[in-house]
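*Asks:* Submitted below is the structure of interest, expressed as structure tokens.
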Amino acid sequence: MSTTAVSPDLGARAVPARPRGLTPWQAWGIALVVPYILVFVLFVIYPVLYAFWLAHEPESYERLFDDPIFFRTVVNTLVFLFVAINLKMAVALLLSGFFLHERWWIKILSVIFILPWAVPSIPTILSVRFMLNPEWGVINQTIFRLTFEDGPNWLNDPQLALFLSMLMHIWKSLPFWTLILLSGRLAIAKDLYEAAAVDGASSLQKFRWITWPSMAQLYLTCALLSTIWTLGDFNSVYLLTGGGPADLTHVLATLGIRYLRLAEVDMSMATIVTALPLILPLVYFMMKRLSR
Amino acid sequence: MTAAALPPALPRIKAPGRGVLHAVSTEAKLLLVGIPVLIWTLLPIYHLCLFAFSDRKSAFAGNLWPADVTIRNFEIVLGQKHYFLTHFWLQMWNSVFVAAMTGIITLVVATFAAFAISRLKVKGGRTVLNMALFTYFIPAAFLAIPMYRTMGLYGLLGSQWALILAMVAIASPYAIWVLKQASDKLPLELDEAAIVDGASPMQLFRLVYIPLMGPSLVAVGTYAVLLAWNEYLYAFLLLSNDRSLTLPVALGNFLSADDSPWELLMTTGLIYALPPAAIYYVFRRYMVSGLTAGAVKS
């Protein structure tokens, strides 16, 4: 690539006398990259290879597939990914348009809006967990005060509980994606919109013919990356529902950790390996996008 | 009558009127989005504060605002006056230590790597960068599982260094990437001038590169510190001893008890959430520009 084409000329200019071999510049370059490579090999590559090696026993998959929780977990994971990501990205796209407006109060709001992302998950998720407490939580007590009827037992209904963890996940990650999509919108040339306004385009038409075509690539990249990251979201489910009631709201991430806590390491590895058919195509697409 | 005079005046009267109406309806629409967004964002945080500033009775009564604002909970937490909180200050220090170490090591490792790739044009630098980004294509919770085992093999399990090194491994790729983007923008002539003056690579690094990279270094350091401070899962897996726990793990342990003192849990949670919020707002300018610089490129 172009970067490697430039490299000899800098080194050559620095040490013109040495025609071949390792210039001091290259030697320093290698020495300075090595710390990171060590970190990467020791704490990323080796664990990944080790995981595959631990997961090679077919027996652990048999046991995994026999576990009634597993099938439910796979369904939960797929539903979680499909609903949470589409909802989150669509809302992020809309909100990025909202934050484009120049108003003093929107500027303040945008600063507040980042909070869920900047603040650690555990206090806020536990706060929501208590809000949803059927007896003592503020939501059901308010429902009772207004209607004199008991509210739903939020986290005791598997479907509702899973949906609430999705909302928790969206609450936490929405600011990040909105910010990314906002920067994408800001990169669109303003005169395109001015020209469209002169032609009398409606805001829907502007979105359809200017915003979306410029944003589609970024939106897709974000959605793919978000799929991988959502797959690895442990906190939103574990801290809100703990996988319950009756282990019915697990996703692959929480199930893997659950086996690990039960000292069933092989089962744990097998759990994450079953996600590979989903992860590998995503990684392939992302790599292709990045290397362009 | 006056009808003859009216027509030319009409559009002129109507135009600003319609403009005002249009402006008002735009504002109304914006508010219709803005108010729900504000409530949605602040509700869990408000509830957290509500609990922290209420006594137990008021908090459990489902009041929407505190019956009596009290700082009693803060006194209990900061004075370690509850058996759940006997190590509060130690755990706070552990969190500070882990976050600070992660920030420092990430900065050193990532700055070296970015300098080598971007300025020294080390061979294969581009490949290293692409490989590094591969880290983010492994779902975090999935990497945690084999990481737990490998840390055991390395003999680091239970030590805070296990958590620090794991966080460095996760923070570095983004750090290197942001620093490389920023340092690619520095003019090549600077290096050439330094070389003509007989500077060695390390002199170039210390005297030219580091001073010019200030804002990006702040962004990257802040990012690494926040990442480590906020991390729950890795801390929960890699630390076990009561005295080496970071705050989030201690908070998670509250949950295992049936009679959890929720008002103290929320108070501790609020104290724990304040530093990252403050750091974020102080360094927001740097962080947002670092974040979005990458996004537009993709």
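The values are calculated or read from the model by the stated rules, or taken from the named source; none is laboratory data. What you are looking at is a predicted structure, and each value in this text was computed from that prediction instead of being measured. Positions of Cβ are backbone-derived with ideal geometry, glycine not excepted, and every protein chain shown enters the neighbour counts.
*Asks:* Taking B:VAL208 as meeting all but one of (1) in contact with a Ser or Thr (Cβ under 9 Å, 6 or more places away or on another chain); (2) more than 9 Å from every other protein chain (Cβ to nearest Cβ), write down the number of the exception.
*Replies:* Failing condition for B:VAL208: (1).
*Asks:* Hey, does segment B:119-129 have a residue that's surrounded by fewer than 17 Cβ atoms within 10 Å (Cβ to Cβ) and either hydroxyl-bearing (Ser, Thr, Tyr) or in a helix (DSSP H, G or I) (or both)?
*Replies:* Yes, because at least one residue in segment B:119-129 is surrounded by fewer than 17 Cβ atoms within 10 Å (Cβ to Cβ) and either hydroxyl-bearing (Ser, Thr, Tyr) or in a helix (DSSP H, G or I) (or both).
*Asks:* Please specify each residue of segment B:102-135 satisfying the condition of being among the hydroxyl-bearing types (Ser, Thr, Tyr) and at the interface with chain A (Cβ under 7 Å from one of its Cβ atoms). Let's see the steps before the verdict.
*Replies:* Taking segment B:102-135 as the starting set, the residues that turn out to be among the hydroxyl-bearing types (Ser, Thr, Tyr) are B:102, B:106, B:111, B:118, B:127, B:135.
Hit for segment B:102-135 is B:THR135, nothing else.
*Asks:* With the checklist (1) modelled with pLDDT under 90; (2) assigned to a helix (DSSP H, G or I); (3) more than 28 Å from the chain's Cα centre (by Cα) in hand, flag the one item A:ALA17 doesn't pass.
*Replies:* Of (1) modelled with pLDDT under 90; (2) assigned to a helix (DSSP H, G or I); (3) more than 28 Å from the chain's Cα centre (by Cα), only one is false for A:ALA17: (2).
*Asks:* The conditions are (1) more than 26 Å from A:LEU255 (Cβ to Cβ); (2) at the interface with chain A (Cβ under 9 Å from one of its Cβ atoms); (3) crowded, with 21+ Cβ neighbours inside 10 Å, and B:MET202 fails exactly one of them. Which is it?
*Replies:* Unmet for B:MET202, out of (1) more than 26 Å from A:LEU255 (Cβ to Cβ); (2) at the interface with chain A (Cβ under 9 Å from one of its Cβ atoms); (3) crowded, with 21+ Cβ neighbours inside 10 Å: (3).
*Asks:* Next question, about the same structure. Taking segment A:255-275, which residues are more than 10 Å from chain B (Cβ to nearest Cβ) and either surrounded by fewer than 14 Cβ atoms within 10 Å (Cβ to Cβ) or closer than 11 Å to A:ALA51 by Cβ (or both)?
*Replies:* Within segment A:255-275, A:LEU262, A:ALA263, A:ASP266, A:ALA270 qualify.
Yes or no, residue by residue, for (1) under 19 Å from B:LEU239 (Cβ atoms); (2) not aliphatic (A, V, I, L, M):
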{"residue": "B:TRP93", "(1), (2)": "yes, yes"}
{"residue": "B:THR102", "(1), (2)": "yes, yes"}
{"residue": "B:ILE105", "(1), (2)": "yes, no"}
{"residue": "B:VAL108", "(1), (2)": "no, no"}
{"residue": "B:ALA114", "(1), (2)": "no, no"}
{"residue": "B:GLY125", "(1), (2)": "no, yes"}
{"residue": "B:TYR136", "(1), (2)": "no, yes"}
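*Asks:* Can I ask one more? Quick one: count up the residues across segment A:60-82 that are within 20 Å of A:TRP171 (Cα to Cα) and surrounded by fewer than 16 Cβ atoms within 10 Å (Cβ to Cβ).
*Replies:* Of the residues in that region, 3 qualify.
*Asks:* Here is a list: A:LEU146, A:LEU95, A:LEU126, A:LEU132. Which entry is of a type outside the set (Val, Ile, Thr), farther than 27 Å from B:LEU270 by Cα and crowded, with 21+ Cβ neighbours inside 10 Å?
*Replies:* Exactly one residue qualifies, and that residue is A:LEU95.
*Asks:* If I filter segment A:144-182 down to residues being over 26 Å from the mean Cα position of the chain (by Cα) and part of a loop (DSSP other than H, G, I, E, B), which single residue comes out as nearest to the other protein chains (Cβ to nearest Cβ)?
*Replies:* If we take residues in segment A:144-182 being over 26 Å from the mean Cα position of the chain (by Cα) and part of a loop (DSSP other than H, G, I, E, B), then A:GLY151 is nearest to the other protein chains (Cβ to nearest Cβ).
*Asks:* Restricting the search to segment B:226-263, which residues are within 12 Å of chain A (Cβ to nearest Cβ) and among the aliphatic types (A, V, I, L, M)?
*Replies:* Hits for segment B:226-263 are B:LEU226, B:LEU227, B:ALA228, B:LEU233, B:ALA235, B:LEU237, B:LEU238, B:LEU247, B:VAL249, B:ALA250, B:LEU251, B:LEU255.
*Asks:* Among the residues of segment A:100-127, which ones are at the interface with another protein chain (Cβ under 9 Å from one of its Cβ atoms) and more than 20 Å from the chain's Cα centre (by Cα)?
*Replies:* A:HIS101, A:ARG103, A:TRP105, A:ILE106, A:LEU109, A:VAL111, A:ILE112, A:LEU126, A:SER127, listed by residue number.
*Asks:* Which members of segment A:233-254 meet the condition of being facing another protein chain (nearest Cβ under 10 Å) and part of a helix (DSSP H, G or I)?
*Replies:* Of everything in segment A:233-254, those that are facing another protein chain (nearest Cβ under 10 Å) and part of a helix (DSSP H, G or I) turn out to be A:ASN235, A:VAL237, A:TYR238, A:LEU252, A:ALA253, A:THR254.
*Asks:* While we're on this one: Scanning for something under 23 Å from B:LEU204 (Cβ atoms) and within 11 Å of another protein chain (Cβ to nearest Cβ), does segment B:136-151 turn up at least one residue? Talk me through it step by step, then tell me what you get.
*Replies:* First pass over segment B:136-151, keeping only residues under 23 Å from B:LEU204 (Cβ atoms): none.
There is no residue in segment B:136-151 that is under 23 Å from B:LEU204 (Cβ atoms) and within 11 Å of another protein chain (Cβ to nearest Cβ).
*Asks:* Can you tell me which of (1) of a type outside the set (Phe, Trp, Tyr); (2) more than 7 Å from chain B (Cβ to nearest Cβ); (3) free of Cβ contacts under 8 Å to residues at least 60 places away in the same chain is the one A:GLU57 doesn't meet?
*Replies:* A:GLU57 satisfies every listed condition except (3).
*Asks:* On to the next question. Go through segment B:68-105 and count every residue that is out of contact with any Asp or Glu (no Cβ under 8 Å at 6 or more places or on another chain) and not in a helix (DSSP H, G or I).
*Replies:* 6
*Asks:* I've got another one for you. Can B:LYS81 be described as modelled with pLDDT under 85 and among the charged types (D, E, K, R)?
*Replies:* Considered against the rule, which asks whether it is modelled with pLDDT under 85 and among the charged types (D, E, K, R), B:LYS81 comes out as yes.
Every residue, every condition in (1) in a helix (DSSP H, G or I); (2) more than 9 Å from chain B (Cβ to nearest Cβ); (3) in contact (Cβ under 8 Å) with a residue 12 or more places away in the chain, yes or no:
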site	(1), (2), (3)
A:PHE80	yes, yes, yes
A:ALA90	yes, yes, no
A:TRP136	no, no, no
A:ILE139	yes, no, yes
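*Asks:* Next question. May I ask you to verify whether B:TYR286 is at pLDDT 90 or above and of a type in the set (Ser, Thr, Tyr)?
*Replies:* No: the conditions fail for B:TYR286.
*Asks:* B:LEU226 is checked against (1) closer than 30 Å to B:THR70 by Cα; (2) surrounded by fewer than 22 Cβ atoms within 10 Å (Cβ to Cβ) and fails just one. What number does that condition carry?
*Replies:* The number of the failed condition is (2).
*Asks:* In segment B:64-74, what count of residues is obtained for those that are crowded, with 16+ Cβ neighbours inside 10 Å and within 18 Å of B:LEU43 (Cβ to Cβ)?
*Replies:* Number satisfying all stated conditions: 1.
*Asks:* Taking segment B:144-155 only, how many residues are free of Cβ contacts under 8 Å to residues at least 40 places away in the same chain and either within 20 Å of B:MET101 (Cβ to Cβ) or outside the structural domain of B:TYR174 (by TED's automatic domain parsing) (or both)?
*Replies:* Counting residues in segment B:144-155 that are free of Cβ contacts under 8 Å to residues at least 40 places away in the same chain and either within 20 Å of B:MET101 (Cβ to Cβ) or outside the structural domain of B:TYR174 (by TED's automatic domain parsing) (or both) gives 3.
*Asks:* Just one of (1) more than 10 Å from chain A (Cβ to nearest Cβ); (2) within 30 Å of A:TYR50 (Cβ to Cβ) trips up B:GLU189, so point out which.
*Replies:* For B:GLU189, the exception is condition (2).
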